[in-house]
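The values are calculated or read from the model by the stated rules, or taken from the named source; none is laboratory data. Source: prediction; values computed, not measured. Backbone-built Cβ (ideal geometry, glycine too); neighbour counts: all protein chains shown.
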């Protein structure tokens with residue numbers, strides 16, 4: 001039974017999120033040296049507020065894994081897993097704890113590192129908090145998975161019941177906030193941390209503006225699934241939208257408003273954490289570039305039958321090519337032009353294609 005659960009729940013999770021893990025590894029060990037991690041861990045062990053922030057990140061990751069498991073258990077292809085309810089409770093919980101532990105390997109690895117440093121510095125209070133947190137995350141993950149198993153089928157997904165009339169460009173943000181809050185939180189949290197980290201790292205050494213472009217690219221990668229989510233939302237709830245008499249310019253304008261609202265918090269974070277040696281005009285150009293590239297990713301992903309694995313692979317290789325271009329000092333103006341002109345070109349060329357922008 002364990003092998004079946006591993007191949008249907010654990011392995012697909014890592015396969016589907018391989019691109020995200022790769023970006024995190026590149027960020028954590030590409031921009032930060034081991035001594036930087038040691039300094040961060042030492043600061044967290046001595047600061048309850050910073051340690052709480054680390055624990056909240058672990059909790060967000062745990063909720064993401066639990067959400068994946070619950071969705072997999074409710075999938076029609078996995079109905080055979082309902083027989084797992086017949087397994088005695090003690091054995092079932094033992095298997096859940098083992099599976100959740102495997103899903104939490106990234107968190108567990110960093111927690112072990114922090115526990116080792118806590119022993120070294122004799123920070124026994126932080127040691128106990130980290131240990132209890134990891135035990136709590138295991139129990140939360142196992143309880144969430146077992147609850148879905150015992151309460152099948154999952155509740156159906158419905159449109160929000162709104163008491164006020166919303167304009168079209170607020171439909172998806174409202175849906176995302178109410179029905180997929182974990183996805184929204186994780187996307188914005190990762191993007192915000194990346195942007196803040198890059199802006200704070202900029203004045204610590206002899207960096208140039210290419211570092212900010214790399215940070216912008218990483219923030220955009222965290223939004224790489226938004227276009228697919230928007231496409232799924234509109235094809236499920238707004239099925240007549242492709243047949244509405246809108247010109248390609250009208251459609252582009254509507255999506256520009258949607259992605260402008262989605263990108264606004266990240267743009268404000270960049271302006272708030274603007275390095276002292278960088279002008280406001282450059283930060284404005286960066287924000288406009290990010291906005292345009294969100295629209296470009298929308299045009300490339302919207303309405304296309306592309307598997308998540310293939311899409312993440314494409315995003316990864318685009319990141320590598322973009323990183324090489326940044327290293328060769330391609331200016332921000334070129335990136336801005338590519339994003340906006342590319343989005344407009346895709347919208348124009350697909351104006352008469354059913355189900356597309």
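Brief remarks on what is shown
- Scanning region 254-270 for residues that are surrounded by fewer than 14 Cβ atoms within 10 Å (Cβ to Cβ) and without any contact (Cβ under 8 Å) to a residue 60 or more places away in the chain, we see that the one that is nearest to residue 340 (Cα to Cα) is 264.
- Subset of region 284-312 [modelled with pLDDT of 85 or more and loosely packed, with under 15 Cβ neighbours inside 10 Å]: 284
- When 186, 177, 182 are checked against the criterion of being at pLDDT below 85, within 19 Å of residue 217 (Cα to Cα), in the same structural domain as residue 231 (by TED's automatic domain parsing) and assigned to a helix (DSSP H, G or I), 186 stands alone in meeting it.
- Residue check for residue 281: at pLDDT below 85 and farther than 22 Å from residue 167 by Cβ: no
- Residue list for region 102-120, restricted to those being without any contact (Cβ under 8 Å) to a residue 40 or more places away in the chain and either in contact with a strand residue (DSSP E or B) (Cβ under 8 Å, 6 or more places away or on another chain) or surrounded by fewer than 16 Cβ atoms within 10 Å (Cβ to Cβ) (or both): 105, 109, 112, 116, 119, 120
- Taken together, the residues in region 270-298 that are closer than 14 Å to residue 198 by Cα and assigned to a helix (DSSP H, G or I) amount to 5.
- Condition met for residue 106 (under 25 Å from residue 189 (Cβ atoms) and not assigned by TED's automatic domain parsing to the domain that holds residue 182): yes
- Unmet requirement for residue 192, which otherwise passes all of (1) at pLDDT below 80; (2) closer than 30 Å to residue 45 by Cα: (1)
- A count restricted to region 121-138 and to residues that are without any contact (Cβ under 8 Å) to a residue 24 or more places away in the chain and either at positive phi or surrounded by fewer than 17 Cβ atoms within 10 Å (Cβ to Cβ) (or both) stands at 8.
To keep it simple, each residue is scored yes or no on (1) assigned to a loop (DSSP other than H, G, I, E, B); (2) within 26 Å of the chain's Cα centre (by Cα); (3) modelled with pLDDT of 85 or more.
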{"site": "90", "(1), (2), (3)": "no, no, yes"}
{"site": "101", "(1), (2), (3)": "no, yes, yes"}
{"site": "109", "(1), (2), (3)": "no, yes, yes"}
{"site": "126", "(1), (2), (3)": "no, no, yes"}
{"site": "158", "(1), (2), (3)": "yes, yes, no"}
{"site": "169", "(1), (2), (3)": "no, yes, no"}
{"site": "172", "(1), (2), (3)": "no, yes, yes"}
